[in-house]
């Protein structure tokens with residue numbers, strides 16, 4: 001994966017966190033990120049996709065998470081919730097992206113922004129979603145070994 005796409009995910013975590021905490025208008029937050037040059041090294045189109053499509057698909061994403069989390073989605077730490085929503089979005093809507101890449105990127109985001117050990121929690125949940133939503137891809141991968 002490109003560093004620009006990784007940076008887009010990092011910016012999306014921060015923007016989604018801000019949106020979750022303030023309920024601020026998405027356009028205002030995005031404009032703020034552009035003005036502060038927080039998207040300078042990021043793939044802007046991917047940031048925009050994540051930042052606008054995740055709130056648009058929130059109900060579906062949270063339902064897919066709710067099946068595997070140990071508490072209501074709204075009670076999950078806001079940073080971890082933002083990372084989980086990005087991972088779930090990519091697993092459900094970016095079928096051209098290998099699930100292992102999505103899991104690795106999510107783990108790295110958790111190591112970067114989350115609490116100690118949160119990467120294990122994120123990995124566990126997203127891996128279960130992948131097992132359910134990407135079963136054919138996972139089976140093909142294991143059959144090829």
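None of the figures in this text is laboratory data; all of them are computed from the coordinates on show. All of these numbers come straight from a predicted model, not from anything done at the bench. Here Cβ is always computed from backbone atoms with ideal geometry, including for glycine, and neighbour counts include all displayed protein chains.
Report the residue count in the stretch 37-46 for those that are more than 13 Å from the chain's Cα centre (by Cα) and either in a helix (DSSP H, G or I) or farther than 11 Å from residue 15 by Cβ (or both).
Residues in the stretch 37-46 being more than 13 Å from the chain's Cα centre (by Cα) and either in a helix (DSSP H, G or I) or farther than 11 Å from residue 15 by Cβ (or both): 6 in total.
Which residues, taken from the stretch 1-24, are closer than 17 Å to residue 103 by Cβ and not in a helix (DSSP H, G or I)?
Hit for the stretch 1-24 is 1, nothing else.
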